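Working notes for the structure below.
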Amino acid sequence: MQGWATDHPILEAATLARIIVITSGKGGVGKTTTSAALAMGLAQRGHRTVVIDFDVGLRNLDLIMGCERRVVYDFVNVINQEANLNQALIRDKRCDNLYVLPASQTRDKDALTKEGVGRVLEELAHGYDFIVCDSPAGIEHGATMAMYYADDAIVVTNPEVSSVRDSDRMLGILSSKSRRAESNEEPIREFLLLTRYDPARVEKGEMLSVDDVQEILSLTLIGVIPESKSVLTASNSGVPVVLDRESDAGKAYADTVARYLGDEVPHRFLQVEKKGFLKRFFRG
Amino acid sequence: MAGYQRTSVGDRPAVFELKAAGFTLPIIRLLEADIEAVAAELGARVEQAPEFFRNTPVVIDLSAFPEGGAKVEFPLLVGLLRGYGMIPFGVRGGNKAQNEAAEAMELAILGEHETRATRTERAIVPEEPAPSAPAAAAPSVQQGEPAPIPRAGAGAAFTLVTRPVRSGQRVYAAGGDLSIIAAVSSGAELMADGNIHVYGPLRGRALAGMKGNTDARIFCQDLQAELVSVAGHYRVSENIPMELRGVPVQIYLDQKILRIEKL
């Protein structure tokens, strides 16, 4: 995967945004956390980025991004042309390149029409470098709308069998029910992001290893995010975890963003951290 | 999506569902035209177990009724059965004239499907040695060929898949072979009228010889399948021995037994 960023005419010319869907099939694996972290990471590296919450009816992205008290209009308002994009987009206070398009909490997924979503993405594509689509769980309408126009897909998977199977199912849908598949274009580029990885439990055989998951899914691994308390803390305080430079999870997300942009970064946090004598002594 | 929740006109809930169901019913198979003799024997039977026959729907089977003999006395027969508490409601196996007579008595004409099934079942046994003849001839056909190439050969449809087949996806190679040079995930389904070749791990289902071609085979590099089948003869994962898992194998039918063999 390295090197594609410079090869890619779209990025060089910076004309149309690249649409990235964050998907998984299974719920609770870290899609919204990843969407927030990836969008923030891309924006911090100087790319104009917008992150869209597709989870209409169960909106959460605004909380994770810490902008829940600034929501006036939402994605569905824009689709229904009750508001224009500039009214609905919320600029992030920490990073000028980042915008959030929140979901509607009072509607359901049927409010997302293929034409409406296409129109909004088309409009955004001219002003931004990346559009990150935070998909709802499941394989129904909301999820298929989130992935339909995607150029790239990041499949968020936990190292356990049911999550792996659901990801696999999602990959099947990605390769058959997207705009690229329907119009016979170059297929969506698919990446695997393992989250909530706990090397100690892998060592004990309680959790699938990176290799196990890769063998089943045969995908390009874009990152491994270790299980970390900092993720929950970050979510609760509305700060994308990538901004927490001290935590392993924050570092791992920063690495993931770098890899997505074509940098060659070795994977970290795959091994159990060796505790030094002092550490053991003080932490117990 | 809407098809699954079809309701009647408007938004009223559906008032009925149309479904198919199979029932096991007693059949009265007439072997003789003599209605008097039938009446006598029926009377004796019913006397032994009157409760068994009460309000029991019955089908009249005419497949063994002597041809060219007297016609079936439907009014008499129906009256007789009703008299014993049975509910005659249909006939099967009759010829055109018999069916017309039955229809006149408002009896249903039932399909011959089951009759045929039992006939073929019986027929299979004596025909058993027959397939050995073409089987014996087969090696001579293959003589001189370096490998037993499937008979489908050139011109037959051939399907090649280069991307992984994911859980929930189905690939059907109609009329020919199917080759997959990627992984087949658990929950994926491969089907082919001919052979199936899988060069990645096979974790899903593979069904070769979908249209009953018993010569079809499955070849795979790494067998971890949930189910394998050739011409309807199948084995589930549980019945695949450990030593055959994760190794290259071929799967074929040998005398109606599905064999899995290391390559």
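The values are calculated or read from the model by the stated rules, or taken from the named source; none is laboratory data. In this text the structure is predicted, and so the values were computed from the model without any measurement. Positions of Cβ are backbone-derived with ideal geometry, glycine not excepted, and every protein chain shown enters the neighbour counts. Each accessible area value is taken on the protein alone, full model and side chains, heavy atoms only, with ligands, DNA and RNA left out. Shrake-Rupley method; radii C 1.70, N 1.55, O 1.52, S 1.80 Å.
Any residue in the range B:34-51 that's farther than 19 Å from B:Ala70 by Cα: show its pairings with residues that are assigned to a helix (DSSP H, G or I) and among the aliphatic types (A, V, I, L, M) at Cβ separation under 7 Å, as long as the two are six or more apart or on different chains.
Between residues of the range B:34-51 that are farther than 19 Å from B:Ala70 by Cα and residues that are assigned to a helix (DSSP H, G or I) and among the aliphatic types (A, V, I, L, M), the close pairs are B:Leu42/B:Leu80.
So which residues in the range A:18-32 are open to solvent by 10 Å² or more (accessible area, probe 1.4 Å) and farther than 11 Å from A:Ser135 by Cβ, if there are any at all?
Within the range A:18-32, A:Ile19, A:Lys26, A:Gly28, A:Gly30 meet the criteria.
Residue-by-condition table, conditions (1) in a loop (DSSP other than H, G, I, E, B); (2) exposed (fewer than 15 other Cβ atoms within 10 Å of the Cβ):
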{"residue": "A:Glu115", "(1), (2)": "no, yes"}
{"residue": "A:Ala137", "(1), (2)": "yes, no"}
{"residue": "A:Met147", "(1), (2)": "no, no"}
{"residue": "A:Ser167", "(1), (2)": "no, no"}
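Going residue by residue through the range A:148-156, is there one that turns out to be modelled with pLDDT of 95 or more and within 14 Å of another protein chain (Cβ to nearest Cβ)?
Checked against the condition, which is being modelled with pLDDT of 95 or more and within 14 Å of another protein chain (Cβ to nearest Cβ), the range A:148-156 yields at least one hit.
Among the residues of the range B:168-185, what is the count of those that are open to solvent by 30 Å² or more (accessible area, probe 1.4 Å), aliphatic (A, V, I, L, M) and in contact with a Ser or Thr (Cβ under 8 Å, 6 or more places away or on another chain)? Lay out the reasoning, then the answer.
Quick first cut of the range B:168-185, residues open to solvent by 30 Å² or more (accessible area, probe 1.4 Å) only: B:168-170, B:172, B:174-175, B:181.
Adding the requirement that they be aliphatic (A, V, I, L, M) leaves B:174, B:181.
Narrowing further to those that are in contact with a Ser or Thr (Cβ under 8 Å, 6 or more places away or on another chain): B:181.
Here the count works out to 1.
Taking the range B:50-76 as the region of interest, how many residues are farther than 16 Å from B:Leu25 by Cα and open to solvent by 30 Å² or more (accessible area, probe 1.4 Å)? Even if it seems obvious, please write down each step before you answer.
Step one: of the range B:50-76, the residues farther than 16 Å from B:Leu25 by Cα are B:50, B:63-76.
Then drop every residue that is not open to solvent by 30 Å² or more (accessible area, probe 1.4 Å), which leaves B:50, B:63-64, B:66-71, B:73, B:75-76.
So the count comes out to 12.
Being in contact (Cβ under 8 Å) with a residue 24 or more places away in the chain, in contact with a Lys or Arg (Cβ under 9 Å, 6 or more places away or on another chain) and charged (D, E, K, R) is the requirement here; does A:Asp166 meet it?
Here the answer is yes, as A:Asp166 does meet what is asked.
Consider A:Val161 against the criteria (1) within 13 Å of chain B (Cβ to nearest Cβ); (2) surrounded by 21 or more Cβ atoms within 10 Å (Cβ to Cβ): it satisfies all of them except one. Which criterion is unmet?
(2)
Which members of the range B:1-32 meet the condition of being among the aliphatic types (A, V, I, L, M), modelled with pLDDT under 80 and open to solvent by less than 100 Å² (accessible area, probe 1.4 Å)?
B:Ala2, B:Ala14, B:Ala21, B:Leu25
Please specify each residue of the range A:33-48 satisfying the condition of being open to solvent by 10 Å² or more (accessible area, probe 1.4 Å) and either farther than 21 Å from A:Pro136 by Cα or of a type in the set (A, V, I, L, M) (or both).
Selection gives A:Gln44, A:Arg45, A:Gly46, A:His47, A:Arg48.
Considering the range A:83-93 alone, what residues qualify as being surrounded by fewer than 16 Cβ atoms within 10 Å (Cβ to Cβ) and within 21 Å of the chain's Cα centre (by Cα)?
A:Arg91, A:Lys93
Residues of the range A:59-82 being outside any helix (DSSP H, G or I) and open to solvent by less than 10 Å² (accessible area, probe 1.4 Å), which ones?
Result: A:Cys67, single match.
Quick check on the range A:164-175. Is at least one of its residues at pLDDT below 95, more than 14 Å from chain B (Cβ to nearest Cβ) and at negative phi?
no
Output the residues belonging to the range A:215-241 that are part of a strand (DSSP E or B) and either within 17 Å of A:Glu68 (Cα to Cα) or more than 14 Å from chain B (Cβ to nearest Cβ) (or both).
Of all residues in the range A:215-241, those part of a strand (DSSP E or B) come to A:220-226.
Correct list: A:Leu221, A:Ile222, A:Gly223, A:Val224, A:Ile225, A:Pro226.
Applying the selection to the range B:186-243, what residues are of a type in the set (A, V, I, L, M, F, W, C) and at positive phi? Steps first, please.
Kept after step one, since they are of a type in the set (A, V, I, L, M, F, W, C), are these residues of the range B:186-243: B:188, B:190-192, B:196, B:198, B:202, B:206-208, B:210, B:216, B:218-220, B:223, B:225, B:227-228, B:230-231, B:236, B:240, B:242.
Scanning the range B:186-243 gives a single hit, B:Ala231.
Hey, could you check the range A:176-193 for residues that are within 18 Å of A:Asp134 (Cα to Cα) and open to solvent by less than 40 Å² (accessible area, probe 1.4 Å) and say which is farthest from the other protein chains (Cβ to nearest Cβ)?
Per the stated criteria, the residue is A:Leu193.
In the set A:Arg201, A:Arg196, which member is away from chain B (no Cβ under 14 Å) and touching a residue at least 60 places away in the same chain (Cβ under 8 Å)?
Working: A:Arg201 fails: touching a residue at least 60 places away in the same chain (Cβ under 8 Å).
Exactly one residue qualifies, and that residue is A:Arg196.
The rows are residues; the columns are (1) at pLDDT below 90; (2) touching a helix residue (DSSP H, G or I) at 6+ places or on another chain (Cβ under 7 Å); (3) away from chain A (no Cβ under 14 Å); (4) in a strand (DSSP E or B).
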| site | (1), (2), (3), (4) |
| --- | --- |
| B:Glu145 | yes, no, yes, no |
| B:Leu190 | no, no, no, yes |
| B:Val198 | no, no, no, yes |
| B:Leu207 | no, no, yes, yes |
| B:Gln221 | no, no, no, yes |
| B:Val228 | no, no, yes, yes |
| B:Tyr234 | no, no, yes, yes |
| B:Gly246 | no, no, no, no |
| B:Gln250 | no, no, yes, yes |
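Scan A:Asp96, A:Asp110, A:Asp74 and give me the residue that is over 24 Å from A:Ala37 (Cβ atoms) and more than 19 Å from the chain's Cα centre (by Cα).
Values: A:Asp96 fails: over 24 Å from A:Ala37 (Cβ atoms); A:Asp74 fails: over 24 Å from A:Ala37 (Cβ atoms).
Result of the check over A:Asp96, A:Asp110, A:Asp74: A:Asp110.
Which condition from (1) touching a strand residue (DSSP E or B) at 6+ places or on another chain (Cβ under 9 Å); (2) within 22 Å of A:Phe191 (Cα to Cα) is the one that A:Leu85 breaks?
Just one mismatch for A:Leu85, condition (2).
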